[in-house]
Amino acid sequence: MTFPSLQSIGKYLGLTLLSGSILALQITFTRIFSLMIWHHFTYMVIGIALLGGGAAGTFLAVRRWGADKLQRRLGGLSLLFSLASLSNLIAITTIAIDPLRAAQIGWAIIGLGIYFVCLFSTFFTGGLVIAAIFGRWAGASHRLYFADMLGAGTATMTVLFVIQSIGGPAVIALIGLVGVLAAILLGYEAKPHRRWLIPAIISAETLVFVLLITHPPALAVPGSKELGWAMQAQGTGPEFTRWDAVGRVDVMPEIVVTEPMIVGAVSSAYPRENRPELPLKLVTIDGTSMTGMYRFDGSDADLERFRFLDHAVISAAYQLGNEHPRTLLIGVGGGLDILLARLYRAEQITAIELNPTIVSLLKDRYADYTGRLAEHPSTELIVAEGRSFLSRATDQYDIIQGIGLDNLAALSGGAYVLAESYLYTVDALEQALRALTPNGIFSWTRDVNSPPREMLRLTGLAAEALRRMGVSDPAAHIAIIANESGVNATLLVSRSPFQPEQIERLREWGAANNFTMLHDPFVRLNTPFAEYLHAADPRAFERAYPFQIFPVTDDNPFFYNYFRWENLHFDRSYEGRLNRFPIGNLILLTMAIFSLGAAVAFIVLPLARYQRDGLRIPGAMPTLAYFSLLGAAYMFIQIVLIQRFTLFIGYPIHATTTTIASMLAFAALGSLLGSKRIQTANGLRLVLIGIATLTTIYVGVLPSIFAAWMHWPDLARIIASIFIIAPLAILLGIPFPAGLRQLSARAPGLVVWAWGMNGVFSVLGSVLVIVVSMASNFTTAMLSGAAGYAMAAIVSGALWRVVVRDPATIKAPAIVADAPAQPVGS
């Protein structure tokens, strides 16, 4: 085995730094867009990154730079990447959009376009550097591929820790500095009159980097998010901010209220005279999911200040006569849920919270402010994800409670259309119900909407979970009570049929507070909830309902996807009506149009204009179909695997980084070990059929594996995920480089087309997989990916049949590097 000399090590280090920077930038913008817009725009970042890399390869193919020119321009291109990275800083600190406001949708689309241009230019220039390195040193492709994967994998696994340490904007500035270092390693040589350029750029970017750490910028937060209007109302920004793996947590300065700020508000029956003052600090995650940390001294006497909870719909579960319950709280926010359980003398309080920063606020920084809630003898506060905790919990509870902390306006407006939540599925509710004592109560407070859809869908989930448990009459196990305004309601699900005395207590308490029963297990009410629960055919009711309310499962966890595509129109009566306008669907459609238009503009048209000769080669069409299928099918499989492992690992961003990093590393190994051994059409066809078969097996066995191993500790589940991903990822790393290797030997004129079409269909696949998953389920989407590889197996023989005009020019296959735009072997 030979090693590169010290003189040539620069290209490997430079490639490692650039590849890592591109992946780090993708992950960083998923966090920034989750705060500044909504989290589903992370899909746009992935699509733009693929598009930029594909367009870069097309650009170099069109320009036809020689090896010497490529090498001379590497340093300059790296500097361009550095500066382009900083352009994103300007965009995020100056452009503010709110896509949830129907009246502002025009400006929102313009703003998205500006973000698109800045991101595309960054990924395009970074892709140019990587493509140029592979083009210049094709003979060392195996070493380059290793450096490429090393950088990408390392960045994927470490960037979250860096974001937590210095914040998202500072990471962008750091990436700019890394770009300059890569330029130096890649041999940037300034002309004599420009020798000041590198020192000047380094000095300027270092200054920006330091300033972003010491004085973090106030990123714009949409007014449709609670943090946005809280900052406007208080006229100031947060007093505490921390980025973590779950989101950005912000704490606003203290305010004092007498009208409690809680989900569902309080009834007008709460006496207005002599109301105690309630000092609190508002807390948000990614600008939404607002909750409050109330000042509390920890004593039973001070606990009486919170008697307003007697008049809040969120306390419905405690009105059924269960004294000193053992309570499990899923999500604790600022601690109000714990105060509620304490107020009703819960014997045992187990509070689980996904976000470690929220837990640290209650245990450390704001422990004294909140009365050291976590230190009370009855209370255990744990950092955990709800599903994984329930999977390994052995205790049973009298009450399991969750209070919807999502932005209710966002939910009504469809901002979470693309959000998958494994807490709101039939499987999750069944798991929760099985963790109850025989007479235990599951309680969840959510928005109702008009006409009902969120609470109605949650009701359907509960009914379906009960049916799975053998309950023939779910209506007898369910009660729903709405607050005074009818905006919010609490769903109560009993493992055993409700007893008359329990419901009588609930009715009396509700009547005293002007609350309304939406479903009563002993009285048939004239409400959509009662109609749904008593329907002879629930599926027929769901099909006839104007919104999508069918019970979602772990295979289709899009709880918030209520709107039907036929509702997507622009009638004037819908302007500003967040309750009815399907913003999320519109944004998904916009993302698809942007992606398709840009792919055609930056890849297809340049190739058609400058590389048309390649299409005249006999067998060109099936050959290009092969690379197109690889692009789309790979994205289908990768994105579905990310979703599958989100359920298993429990933390979405950890699942994303684990899945992507594992696929990068093992695809590189597959390319290194397998692509050179594919010498025949049958050999390649066997690999493709193997991918399709293994993917199909994964579809069948992953749910069972996850169910059996869900109780494992977090680290064990992550390690298991890596080993599960490895076999499929190794095979996925073979078809693309093996295909390019064969194509470059027989028809070099088609290589740029293969590269370009693979990029186009990778971009389209990243959008289409979301559409297919939402319209059907993840199983269908993943099987579609398997079908793509099976179809690629059918047309793969064209790679051996495609013929250049002069067969004598056919040479022995040489190793061809994987396309930089698809470094994971798509």
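The values are calculated or read from the model by the stated rules, or taken from the named source; none is laboratory data. None of the values given here were measured: they were computed from a predicted structure. Because the Cβ atoms are built from the backbone with ideal geometry, glycine has one as well, and the counts that use them run over all protein chains shown. Surface accessibility is based on the protein's heavy atoms, side chains included, excluding ligands, DNA and RNA. Shrake-Rupley method; radii C 1.70, N 1.55, O 1.52, S 1.80 Å.
Of interest is the spacing of the C-alpha centroids, which for region 319-392 and region 484-559 amounts to 27 Å.
Here the peptides 646-655, 231-240 are ranked by packing, the mean other Cβ count within 10 Å, and the order with the highest first is 646-655, 231-240. Amide H contacts under 5 Å for Q548: F563, R564, restricted to partners 5 or more places along the chain or on a different chain, H placed in the peptide plane at 1.01 Å from N. Using a probe radius of 1.4 angstrom, the carbon and sulfur fraction of the accessible surface of region 686-793 is 82%.
Estimated at the nearest 10 Å², the accessible area of F209 is 40 Å² with a 1.4 Å probe. Summing charges over neighbours of L799, with a neighbour being any other residue whose Cβ is under 13 Å away from its Cβ, gives +4 when K and R count +1 and D and E count -1. Between S485 and A716, the modelled label-to-label distance comes to 4.6 nm, taking each label 7 Å out from Cα in the direction of the beta carbon. Close amide H contacts of I400 (hydrogens built in the peptide plane, cut-off under 5 Å, sequence separation of 5 or more or a different chain): L328, I441, F442, S443. Among F541, F33, F723, the sequence by solvent-accessible area, most first, with a 1.4 Å probe is F723, F541, F33. Mean sequence separation of contacting Cα pairs (under 8 Å, at least six apart), scaled by the length of region 682-783, corresponds to a relative contact order of 37 percent.
For region 290-384, the relative contact order is 33 percent, taking Cα pairs closer than 8 Å that sit 6 or more residues apart in sequence and dividing their mean separation by the residue count. Remark: region 374-389, residue by residue, has Karplus-estimated 3J(HN,Hα) of 6, 9, 5, x, 7, 10, 10, 9, 10, 7, 6, 9, x, 5, 5, 5 Hz, where x stands for each Gly or Pro and the curve is 6.51 cos²θ - 1.76 cosθ + 1.60 at θ = phi - 60°. Extending 7 Å from Cα along the Cβ direction at I697 and again at A601 yields two label points whose distance is 4.5 nm. Could you tally the net charge around R457, taking each other residue with its Cβ under 10 Å from the Cβ of R457, Lys/Arg +1 and Asp/Glu -1? Neighbourhood net charge equals 0. For the pair T258 and R543, label points projected 7 Å from Cα toward Cβ lie 5.6 nm apart. The HN-Hα couplings worked out from phi for region 693-707 by the Karplus form 6.51 cos²θ - 1.76 cosθ + 1.60 (θ = phi - 60°) are 5, 5, 4, 4, 5, 4, 4, x, 9, 4, x, 5, 4, 4, 4 Hz, whole numbers, x standing for Gly and Pro. Couplings 3J(HN,Hα) of region 159-166, computed from phi: 5, 4, 5, 5, 4, 4, 7, 10 Hz, in residue order, whole Hz [Karplus 6.51 cos²θ - 1.76 cosθ + 1.60, θ = phi - 60°; x for Gly and Pro]. Taking all protein chains together and a 1.4 Å probe, the residues M252, M469 rank M469, M252 from largest to smallest accessible area.
Rounded to the nearest 10 square angstrom, H324 shows an accessible area of 100 square angstrom against a 1.4 Å probe. Local charge for R275 was computed over the other residues whose Cβ lies under 14 Å away, with Lys and Arg +1 and Asp and Glu -1, and equals -2. When peptides 357-367, 728-738 are ranked by their average number of other Cβ atoms within 10 Å per residue, the highest-first order is 728-738, 357-367. Ordering 254-262, 452-460 by mean Cβ neighbour count within 10 Å, with the highest value first, yields 452-460, 254-262.
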